[in-house]
Amino acid sequence: MRSLWLLVLLVAGTACGGKAVTTDPAALPDQSENATVATDAATTIPAVSTAPTSTVADPTAVEADTPAYDVFLAAVADTLDGTRFEGAPFEDPEVFAATGLLFCERMAQGEAGEQVVVEFLSELAGGDATLADGDQLVLTGALMGAATETLCPRAAG
């Protein structure tokens, strides 16, 4: 399990540290209703409750025009290029933001980042985090890395 966590941390570091991220809307991928996204129809991201339990991570408080939100989505989307999740952050940004904020909230409440990651991977992989495939590891690392860099840097520290 430790090697799984190290792999996710490596991916998370790449999510925000390995590539330049911009808040310039012109540099972000097309977010219009007519934008096409190549996704696997059978692939889903676990549902996230948007009911806030604290003020640390209120997913309903995230607005599409905030810089942290834009940077978070851009970092996740950039990291997911080449995976079956490519384009998904801009297809359903509220789910991605709520997931990142949920990670933040759980860490702010004292849960270890490792536990948050393992539980999310378990959901993605049908109950067993060790069965997660490469794309699921990249997705989880991208979400954790981008969340801790943009949405809640204090929760991760």
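The values are calculated or read from the model by the stated rules, or taken from the named source; none is laboratory data. Just so we're clear, the structure is a prediction, and the values are computed from it rather than from any experiment. Note that we place each Cβ from the backbone using ideal geometry, even for glycine, and neighbour counts take in every protein chain shown. Heads up: the accessible areas ignore ligands, DNA and RNA and are worked out on the full protein's heavy atoms, side chains in. Shrake-Rupley method; radii C 1.70, N 1.55, O 1.52, S 1.80 Å.
Applying the criterion of being in contact (Cβ under 8 Å) with a residue 60 or more places away in the chain and closer than 13 Å to THR140 by Cα to the residues of the range 78-96, the residue that is least open to solvent (accessible area, probe 1.4 Å) is LEU80. Looking at the range 56-63, can you tell me whether even one residue there is modelled with pLDDT under 95, under 24 Å from LEU137 (Cβ atoms) and surrounded by fewer than 20 Cβ atoms within 10 Å (Cβ to Cβ)? No, the range 56-63 has no match at all.
For the range 97-141, the set of residues classified as in a loop (DSSP other than H, G, I, E, B) and either of a type in the set (Val, Ile, Thr) or open to solvent by less than 30 Å² (accessible area, probe 1.4 Å) (or both) consists of ALA125, ALA132, listed by residue number.
Inside the range 97-131, residues that are in contact (Cβ under 8 Å) with a residue 12 or more places away in the chain and polar (S, T, N, Q) make up a count of 3.
Figure legend. Inter-residue proximity from the range 132-157: first residues among the charged types (D, E, K, R), second residues open to solvent by 40 Å² or more (accessible area, probe 1.4 Å), beta-carbon distance below 7 Å, spacing 6+ or different chains. Indicated pairs: ASP135/ARG84.
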